[in-house]
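All remarks here apply to the structure that follows.
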Amino acid sequence: MVWVNSIPKPPNLAEIGFYIFVKGLPRTLILTVLGLLGGFVIGLSLAIMRVYGGKELNWLASGYEKLFRGIPILVLIFVFAIYLTNLYEICIGDTCFGIEPQYRPLFGVFLALALRSGAYQSQIFRGALLSVNPGQEEAARALGMSRFQALRTILLPQALRLAVPSWSNEYAVVIKDSSFALTVGIVEMTNAALQISSNFVELWAVSIGVVAILYFLLTYPITRLFGERQTKKLKELGMGGG
Amino acid sequence: MKREIAVVGMIVCLAGGFLAGWFIPPLFTAEPTERKTLLEEIQDQGYIMVGTDEPWPPFEIFNVTADEWQGFDIDLSAMIAVHLGVALIMTDMDFDLLIGACKAGSIDMIAAAMMVTSTRAEQLAHSVPYIRVNEVVIVQSVSTINITSLTEITAYTVGVQSGTTQHDTLKDLGMTEGVNLLVYPKADVLMAALDLGTIDAAFVDEPVFTVYAKTYAFKSIFTVPAEPTALWCRWEEPELMKEINKVILNAFGDGSMDLLIEKWFG
Amino acid sequence: MGKPVLRIVDVWKSYGELEVLKGVSFELMEQEVKVIFGPSGSGKSTLLRCINMLDPPDQGEVYLSEQNLMEPGINLNIMRANIGMVFQHFNLFAHLRAINNVSIGLRRVKGVSKEEARSKALKALNQVKMAEWADHYPAQLSGGQQQRIGIARALVMEPDVILFDEPTSALDPELIGEVLQVMLELAKTGTTMIVVTHEMGFAGAVASEMLFLGNGVIIERGTPQHFFASPKSDRVKTFLKQLDILYGSHKGLLKLSKEEEDK
Amino acid sequence: MMFQALPQEIQDLLAVLEYWDEILEGFIMMIWLYVWALMIGFFLGLFLAILRQYGGAIISRIATGYIEIVRGTPLLAQILLLYFLPYSLNIPIERWAFYTNFRISDREMTFILLNPEILVGILALGLNSAAYQAEYLRGAITSVGTEQLVAAQSLGMSRRVGIVHIVLPQALRRVIPAWSNEAAYLPKYTIVVWYIGVPELFGKAHYLVFKEFIPEATFIIIAIIFLVLISTVSKVLDVIHKRTAIPGL
């Protein structure tokens, strides 16, 4: 049946939710998880550079932070997703990390999310590293550990635990930012909702409302669980600056 | 610790190189001696990436009920894909970004009811025009607006889709964005805004009006003949364009184009 | 002695399961100084908070100048302005200079004009020997200086009674003296006070009556001489002995402060 | 020979900068939205934070619910919902626009103060920012501690006076570092209003892309504008913070 000649019956609320979930959730989750992990690697390296690196490294890292915190995610997504191929063909050659052209927009959005999230996560980890009690490092060094050993075995494990509450907020930010992937045609949850509304114009508000609820269900329990509970747990353990 | 700094330094250098590569591309633009044509590449990878802007029915829309792309442009692209012996992958993006994306190589071809204009032709190559549609000024059925020339519409608030020829036309007539010209990135937002009454009129392709008039109470009050519509790809890929033109001309020859027009505009 | 300023009748207070006050009653006459002491957790601070209704009691009555504070519909804010309070941790307003810390109560509660409030505040600061620090922020002052400003803040409102909640227990030993000195002078000028403290020397010097609070009830009451010479209850004896071990002989302290007074 | 023609990249940048009037219009529109959104967000956020901290059980729950729901849903969805709310409720919208025209050198420019789209944009951004600012403010209020309010009450101040004159002045100082983060990064999110037809910097960028077809140069310019704006705002706020610092806060 041709859509334009016979408009099908509008879906009900459950069908809308189901469509958005089945169609959009995988892309949203892939982008969020990869973006967070990429941001984690970048953010942790930057944080260590800022706290323990020399003047030059500190300067480099804070420059990176300023750059990626200052550019809107929409512009970043745009530049990375659409002009990535161009960029790689110029810089490296004809291949783009061996990524098939059809997945390049997805890869571009991932890069944008990871680079941006890295800049924010760097701040989170830096704060956490600084709020580990300075006595901890002294005690570790007094035992004869090298600076790197102290960082790896004593400071980082504590700092990572301290970072969990803010990190869960970052998760909420990334999952929402991933909705801007719709501008480059990636069908994640928001785009799935827009597809429904472009088919059934009367369902505009409903489908957008449903997708908003879905985002809420994806973010609230996690930020709640890792945010408030973890903060309480950390307090019981007596960790964090004192 | 030194090793760690080296690793971190490498990451930074990569990022730095990445940015440097952005700003100093001439350093790297040594012409590759043996370059595969896009046509060969498409046949190697087994699919063609076609950029479009959904929704713009009946040219293109993603049908959520059938879970597939539908529309005149989609069918035409499918014919080309079949002819090339490859799969068809549709990529949806904002209309005004299509040309830049195609130039950058993110998509291989544009099939988005894009009319032929001289400025666009400076950027990209167009195929044989496959259809010619009118542009119409539409208003709510209950509206009393009446115009005898397009210039008169400047007295009202008009909505257009960003980056279309209609956008350009009205801007050239001296309308001001945000005051009496409202620009929406998506057609369905534009149509909803007209129905809502935040705009007095909209300026769109006639077939698009026909489709949306099935849902909304709209009427057409003025018709403007427009440029023909064509498919677009990069100037550097004449081989691909030759194949595209072949398919379109064949379709005109064996009557399948008439069937398509009957199916979508009939 | 004049009429009772404060009368507390059978005050009960509990936090959930925990009974903190189990029927406390006493009267406070004008110009009288009462010292309340006892082991931690015996409800001393809670008693003070019950008196100025920051934590209203569950049961019982509190009369300030024969006005029942437990009566519904009474404007507690006005009543509280007549009860000064000095806190263990000073609780100075961190965003205000010393002078404004003292004058803000006058201006916001009593609606005194800016100039008048300032001159009154300066007078109060003079009284606690802090006038030259008037333009400092609390964070720039030592604990003893902060506490003296806390006293001036309570004093400037000209309250009927001032409650002191362990005013020296958060201070370093060398700073305690200056605060006690100020409090001694206040007592001498006839300020009505209730002081929760373990400074037995101070108590001996100024208290007209001392109350030993244990497990939410007044176990023993009497003059300082009574407590130092022959306390009746065993719990008081052990407690005083522990204080002795901690702070040295209270009798010695008592003598010292007496000598100071004589000078 | 080499210097006869400017490099292509520079030519592209110059071609885009030819449209400086469009860019300036978009920039002013962005700042306009930003200032309003920040102000609405601040006052509403303060209100929400106080309700959440000092309201009774029910009011505090309502404020918490609002904050969590807004923080948990994407801004784009909020804006689209708000824009089509009257549409769903069948409330007709009258068309109106307040704007001024002015000339700079030879270009005719239009500065639009308010139209329905801008109103929705300002409201949506403000309502969204309020939820975030409320959380920062609540954190600051919590860190001031209850003891300060107790001390104020012991002087005879009412709860309301104590909150307004003792707790808030301290909380507002403490919140500056966290708040200036929000203030500095809010401009980035104003671009979303382009989806409902506000001619804002990002929309202008799209227009330039379809006019000149030089997306790289256009978006580099847009990115630079944002970078400069955001670093300026955070620098200024930093200086203000240092200038107004009080010992111990």
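The values are calculated or read from the model by the stated rules, or taken from the named source; none is laboratory data. Predicted, not measured: the structure shown is a model, and the values here were computed from it. Cβ sites come from the backbone with ideal geometry, for glycine too, and all protein chains shown count toward neighbours. Each accessible area value is taken on the protein alone, full model and side chains, heavy atoms only, with ligands, DNA and RNA left out. Shrake-Rupley method; radii C 1.70, N 1.55, O 1.52, S 1.80 Å.
One table, with the values for the structure above:
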| item | result |
| --- | --- |
| Number of positions in the range C:224-239 that are part of a helix (DSSP H, G or I) and either at pLDDT below 85 or in contact with a His (Cβ under 7 Å, 6 or more places away or on another chain) (or both) | 2 |
| Flag if D:G121 is more than 14 Å from chain C (Cβ to nearest Cβ), surrounded by fewer than 23 Cβ atoms within 10 Å (Cβ to Cβ) and part of a helix (DSSP H, G or I) | no |
| Residues satisfying the stated conditions in the range D:69-94, i.e. more than 10 Å from chain A (Cβ to nearest Cβ), open to solvent by less than 90 Å² (accessible area, probe 1.4 Å) and in contact with a Gly (Cβ under 7 Å, 6 or more places away or on another chain) | D:I93 |
| Any hit, the range A:11-20, residues being among the aromatic types (F, W, Y) and at pLDDT 85 or above | yes |
| Hits in the range B:177-192 - residues which are among the small types (G, A, S) and either at the interface with chain D (Cβ under 7 Å from one of its Cβ atoms) or out of contact with any strand residue (DSSP E or B) (no Cβ under 9 Å at 6 or more places or on another chain) (or both) | B:G178, B:A192 |
| Odd one out for A:Y103, checked against (1) touching a residue at least 12 places away in the same chain (Cβ under 8 Å); (2) over 19 Å from A:A61 (Cα atoms) | (1) |
| Residues that are modelled with pLDDT under 85 and of a type in the set (S, T, N, Q), drawn from the range B:197-220 | B:T198, B:T215 |
| Helices (runs of 4 or more DSSP H) completely within the range B:68-176 that count 2 or more residues being at the interface with another protein chain (Cβ under 9 Å from one of its Cβ atoms) and free of Cβ contacts under 8 Å to residues at least 60 places away in the same chain | B:98-104, B:118-123, B:165-172 |
| Index of the failed condition, D:R103 passing every other in (1) more than 10 Å from every other protein chain (Cβ to nearest Cβ); (2) among the basic types (K, R); (3) in contact (Cβ under 8 Å) with a residue 12 or more places away in the chain | (3) |
| Residue under evaluation C:K44, criteria (1) of a type in the set (K, R); (2) under 28 Å from C:K188 (Cβ atoms); (3) open to solvent by 60 Å² or more (accessible area, probe 1.4 Å), criterion not met | (3) |
| Total residues in the range A:202-225, condition surrounded by fewer than 18 Cβ atoms within 10 Å (Cβ to Cβ) and of a type in the set (A, V, I, L, M, F, W, C) | 4 |
| Scan of the range D:173-210 for residues that are buried (at least 20 other Cβ atoms within 10 Å of the Cβ), in contact with an Asp or Glu (Cβ under 8 Å, 6 or more places away or on another chain) and of a type outside the set (A, V, I, L, M, F, W, C), ordered by number | D:T190, D:G197, D:P199, D:G203, D:K204, D:H206, D:Y207 |
| Considering residues of the range D:48-68 that are free of Cβ contacts under 8 Å to residues at least 12 places away in the same chain and away from chain A (no Cβ under 12 Å) only, the residue most open to solvent (accessible area, probe 1.4 Å) | D:R61 |
| Exclusive hit being over 30 Å from C:N215 (Cα atoms) and touching a Pro at 6+ places or on another chain (Cβ under 9 Å), set C:A131, C:A139 | C:A139 |
| Flag for C:E61 being of a type in the set (D, E) and either in contact with a Ser or Thr (Cβ under 6 Å, 6 or more places away or on another chain) or under 12 Å from C:L213 (Cα atoms) (or both) | no |
| Residues that are outside any helix (DSSP H, G or I), more than 17 Å from B:E54 (Cα to Cα) and touching a helix residue (DSSP H, G or I) at 6+ places or on another chain (Cβ under 7 Å), drawn from the range B:185-214 | B:T198, B:I199, B:A201, B:A202, B:F203 |
| The range A:226-239, subset in a helix (DSSP H, G or I) and out of contact with any Lys or Arg (no Cβ under 9 Å at 6 or more places or on another chain), residue surrounded by the fewest Cβ atoms within 10 Å (Cβ to Cβ) | A:E236 |
| Verdict on D:I163 being within 26 Å of B:K186 (Cβ to Cβ), aliphatic (A, V, I, L, M) and part of a helix (DSSP H, G or I) | no |
| Entirely in the range C:68-135, the helices (runs of 4 or more DSSP H) that have 2 or more residues that are of a type in the set (K, R), open to solvent by 10 Å² or more (accessible area, probe 1.4 Å) and within 21 Å of C:I176 (Cα to Cα) | none |
| Residue match in the range A:131-139 (condition: of a type in the set (D, E, K, R), modelled with pLDDT under 85, more than 24 Å from A:K232 (Cβ to Cβ) and touching a Ser or Thr at 6+ places or on another chain (Cβ under 7 Å)) | no |
| All positions within the range C:136-167 that are surrounded by fewer than 24 Cβ atoms within 10 Å (Cβ to Cβ) and under 17 Å from C:M200 (Cα atoms) | C:D165, C:E166 |
| Residue that is nearest to D:E212 (Cα to Cα), among those in the range D:5-43 that are open to solvent by 30 Å² or more (accessible area, probe 1.4 Å) and in contact with a Leu (Cβ under 7 Å, 6 or more places away or on another chain) | D:Y19 |
| Condition check for C:L76: touching a strand residue (DSSP E or B) at 6+ places or on another chain (Cβ under 8 Å) and not acidic (D, E) | no |
| Residue that is open to solvent by 10 Å² or more (accessible area, probe 1.4 Å) and either charged (D, E, K, R) or touching a helix residue (DSSP H, G or I) at 6+ places or on another chain (Cβ under 8 Å) (or both), where the choices are B:L173, B:L249, B:L240, B:L182 | B:L173 |
| Residue that is nearest to D:I166 (Cα to Cα), among those in the range D:232-249 that are touching a residue at least 40 places away in the same chain (Cβ under 8 Å) and touching a helix residue (DSSP H, G or I) at 6+ places or on another chain (Cβ under 6 Å) | D:L249 |
| Failed condition for A:I48, given (1) open to solvent by less than 10 Å² (accessible area, probe 1.4 Å); (2) at the interface with another protein chain (Cβ under 8 Å from one of its Cβ atoms) | (1) |
